[in-house]
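Here's the structure we're looking at; comments come further down.
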Amino acid sequence: MTADRKRDAREKFLLGGIVVRAGLSKADRAFLLGGLLELARVAPGSSEHRRLRDIGEEAFKAAALDGPSTRMTQAAE
C-alpha cells in the first residue's frame, strides 16, 4: 500500500470514528451528508463555528477521560 493510500485510509478511519463517537453510526447516510453540508456553510471564526467547536472539544475531553460518553450522543441530538 502506498503512503498516499495509507494516509487516505487513516483519514477515513478517523472520520468514521467521529461519526461513531457522536452516536450517529446508524443514522441515514443522506441525513449525515446533509448535516455535514450544512456545517460546511458555517463560516470559520464565526460565533456558531466557535460554539460547535467548543461542543466537540468537550466531547473529545469527556471521551478521553471516561471512554464513550453519553454527552457526545446528547450533543449530536
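Scanning the range 1-24 for residues that are part of a loop (DSSP other than H, G, I, E, B), at negative phi and surrounded by 11 or more Cβ atoms within 10 Å (Cβ to Cβ) returns A22, L24. Annotation note: of A27, A75, A63, A59, the sole residue that is small (G, A, S) and at pLDDT 95 or above is A27.
Just to be sure I understand the filter: pairs with C-beta atoms under 6 Å, separated by 6 or more residues or on different chains, first member in the range 38-52 and touching a residue at least 12 places away in the same chain (Cβ under 8 Å) and assigned to a loop (DSSP other than H, G, I, E, B), second member acidic (D, E) and surrounded by 11 or more Cβ atoms within 10 Å (Cβ to Cβ). Which pairs pass? Once the first residue is touching a residue at least 12 places away in the same chain (Cβ under 8 Å) and assigned to a loop (DSSP other than H, G, I, E, B) and sits in the range 38-52, no partner that is acidic (D, E) and surrounded by 11 or more Cβ atoms within 10 Å (Cβ to Cβ) comes close enough.
The values are calculated or read from the model by the stated rules, or taken from the named source; none is laboratory data. Everything numeric here is computed off the predicted structure, so don't read it as measured data. Cβ coordinates were reconstructed from backbone atoms using ideal geometry, including for glycine residues, and neighbour counts include every protein chain displayed.
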